[in-house]
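The values are calculated or read from the model by the stated rules, or taken from the named source; none is laboratory data. Computed from a prediction, not measured in an experiment: that's the story for all the values here. Positions of Cβ are backbone-derived with ideal geometry, glycine not excepted, and every protein chain shown enters the neighbour counts.
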Amino acid sequence: MRAGSDHLDPALIGQRLTLRLHDPEGGYRDLVGILESESTLRKKSGDVVEFDPQLIALVHPIVEGKKSAGKGAPLSLRIAELENLSTQTWPALKIEELGKWQIRISDGVTYRANSVLVQGSPPWGEPGLDIEEAITRVEEIYSKAQLPAVFHCPLPLYQELKDYLIDKGWREKVGAAFLVSDIESRFDLTPTLNVKNVELRCESIPTPEFLALHGDEILEPIMRAYPAHYISLRMDGKVVATARLAVLGSWSILTRLFVDGSYRRLGLAELVMQAASNISLDNGADKISLQLDQSNAAAQALYEKLGFRVHHTYSFIERQESSECAC
């Protein structure tokens, strides 16, 4: 049975699954456990609960023994997987390859889309050239594009390259963390939305209101370069929180999460994250990731509370000063 079906196949009896049920009073409620019959389910506590099959809105079988987010494979492969997922879902307008290095160019908009992603065997990656020649080539390419040369060094794989660049006079501009989490079950958002008097929207394009909240108009070409879900919360007739969610395979990548300063400390960021988890499951993803500036301790505490853990860190290392650029 495919995830997202509203039909309860008797063949699922004995399997662990999530049932989303219509609530007669409005909204939904979720049950998670082992299906014992076409109308009963045993929860983790051992309690058996009955349900009306006619109220089923969604059946989501839970695959036991699945690979957890950011675990299982060797660290080098896991880092490469996540960095490539991020590059594909936040694509540069142009990519030049230097051996296995990816030189990304996008008119200076965001470091990720305007830096060379180091890939290949540590400690330098595999640029196909002597390291000094490779660095010189990177500088030439970015100079031609009228952009500062920036290295994107996933750590700890390329710590030696980072140290080498800094010894040569380069500077770390951003230190960031790649956070990951498994999505275990759906969230029933209806009660919270009603209590907070919040409207949740999910659209396939970034609307002008979405872009305006964080001044992201300049990012629109990159955002539109890969299909994504644009989540927004509205209060008092205006957009007060946003996030972009891109799904690729079993992973979803969350970016541009932002809450209006006048509406913070209301739990809106957590609400956006829960909506993103539901949308991920609806689109076949059971793992979610996001990236965070390591200097943002408050945000990291929130994400840890929501079940995220640091998978790896990375640094953007730049040859010269430039204007502020999002990670």
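Looking across the stretch 285-299, the residues that are more than 15 Å from residue 256 (Cα to Cα) and within 14 Å of the chain's Cα centre (by Cα) come down to 285, 286, 287. Considering the stretch 83-124, and only residues there that are within 16 Å of residue 138 (Cβ to Cβ) and in contact with a Pro (Cβ under 6 Å, 6 or more places away or on another chain), the residue that is surrounded by the fewest Cβ atoms within 10 Å (Cβ to Cβ) turns out to be 99. Listed by position, the strands (runs of 3 or more DSSP E) enclosed by the stretch 126-214 that each have at least 1 residues that are under 25 Å from the mean Cα position of the chain (by Cα) and outside the structural domain of residue 241 (by TED's automatic domain parsing) are 150-155, 171-182. Pairs linking a residue in the stretch 184-198 that is over 18 Å from residue 57 (Cβ atoms) to a residue that is in a loop (DSSP other than H, G, I, E, B), with Cβ atoms under 7 Å and 6 or more positions apart or on different chains, are 196/266. Here residue 29 passes the criteria (1) under 32 Å from the mean Cα position of the chain (by Cα); (2) over 20 Å from residue 286 (Cβ atoms); (3) assigned to a loop (DSSP other than H, G, I, E, B) except the one numbered (3). Does residue 193 qualify as being of a type outside the set (Asp, Glu), touching an Asp or Glu at 6+ places or on another chain (Cβ under 9 Å) and surrounded by 13 or more Cβ atoms within 10 Å (Cβ to Cβ)? Yes, satisfied. Looking only at residues of the stretch 36-56 that are surrounded by 12 or more Cβ atoms within 10 Å (Cβ to Cβ) and within 31 Å of the chain's Cα centre (by Cα), we find that the one that is farthest from residue 275 (Cα to Cα) is 43. Among residues of the stretch 221-236 that are without any contact (Cβ under 8 Å) to a residue 12 or more places away in the chain, those with a beta-carbon under 9 Å from a residue that is hydroxyl-bearing (Ser, Thr, Tyr) at least six positions away or on a different chain give the pairs 236/263.
The number of residues in the stretch 266-279 being touching a strand residue (DSSP E or B) at 6+ places or on another chain (Cβ under 9 Å) and free of Cβ contacts under 8 Å to residues at least 40 places away in the same chain comes to 2.
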